[in-house]
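Working notes, beginning with the structure itself.
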Amino acid sequence: MQNQESNSTSTESSTGAESSTAAESSTGNMEHSQKIELAMAIMTTLDNWKLSGEEILNVLALPDKIKVRHLGQFRKEHALPDTPEVNERIRHIIGISKALRTSYPMNPQMATFWLNQKTKRFKNQTPIQVITTSGLQGLVDIRKHLDCTYDWFSDNN
């Protein structure tokens, strides 16, 4: 993965996301308690982004058997499904969260404000609309916009 990624767990004060090298690559190497902590942090991030339950299901690409009523379990005691699709989306959510924290270190509320402002760059849509309507590509597009190192890295591979 990128050298810019932290090797230790760091708390994202503006979004609640916690990340580690394991979370950036795969949750397969994490202990169960770490997977639960990661799920809780991701859910906090998505809640801070003001996503609805349906939007959370779509953004994370959770299996059809998981319903909105089950999301509370991921906020408390269950790990998110350990699938390549879910793990990739988690990596992008963490990347977006880190980039927003870097962009707005003194005012965490600005991250939510930015995510909900229409921009010409995204055809007059908000970044949240791009994320919720364009799936994985929406997450990638927003991450590339916020994190030039990710954009550069992904373009050179």
Check: Would a scan of the stretch 55-65 turn up a residue that is among the small types (Gly, Ala, Ser), surrounded by fewer than 20 Cβ atoms within 10 Å (Cβ to Cβ) and at pLDDT 95 or above?
Finding: yes
Note to self: Among the residues in the stretch 113-131, are any surrounded by 12 or more Cβ atoms within 10 Å (Cβ to Cβ), modelled with pLDDT under 95, aliphatic (A, V, I, L, M) and in contact with a helix residue (DSSP H, G or I) (Cβ under 9 Å, 6 or more places away or on another chain)?
What the structure shows: no
Note to self: Against the condition under 12 Å from the mean Cα position of the chain (by Cα), at pLDDT 95 or above, at negative phi and hydroxyl-bearing (Ser, Thr, Tyr), how does residue 97 come out, does it pass?
What the structure shows: yes
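Filter the stretch 101-112 down to the residues that are surrounded by 11 or more Cβ atoms within 10 Å (Cβ to Cβ), of a type outside the set (A, V, I, L, M) and over 20 Å from residue 58 (Cβ atoms) and list them by number.
101, 102, 103, 104, 105, 108
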Note to self: Out of the helices (runs of 4 or more DSSP H) lying entirely within the stretch 55-115, which hold 1 or more residues that are over 27 Å from residue 149 (Cβ atoms)?
What the structure shows: 71-76
Next item on the list: Pull up the stretch 71-104, narrow it to residues that are out of contact with any Pro (no Cβ under 9 Å at 6 or more places or on another chain) and among the basic types (Lys, Arg), then point me to the one that is nearest to residue 128 (Cα to Cα).
Entry: 89
Checklist line | Residue that is surrounded by 17 or more Cβ atoms within 10 Å (Cβ to Cβ), free of Cβ contacts under 8 Å to residues at least 24 places away in the same chain and under 21 Å from residue 87 (Cβ atoms), where the choices are 144, 98 | finding: 144
Note to self: Only one of 18, 12 is over 17 Å from residue 131 (Cβ atoms), modelled with pLDDT under 95, among the charged types (D, E, K, R) and surrounded by 14 or more Cβ atoms within 10 Å (Cβ to Cβ). Can you tell me which?
What the structure shows: 18
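Here is a yes/no grid of residues against (1) closer than 18 Å to residue 88 by Cα; (2) more than 15 Å from the chain's Cα centre (by Cα); (3) acidic (Asp, Glu):
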| position | (1), (2), (3) |
| --- | --- |
| 39 | yes, no, no |
| 42 | yes, no, no |
| 47 | no, no, yes |
| 59 | yes, no, no |
| 65 | no, yes, no |
| 70 | no, yes, no |
| 76 | no, yes, no |
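The values are calculated or read from the model by the stated rules, or taken from the named source; none is laboratory data. Quantities reported herein were computed from a predicted structural model and do not represent experimental measurements. Here Cβ is always computed from backbone atoms with ideal geometry, including for glycine, and neighbour counts include all displayed protein chains.
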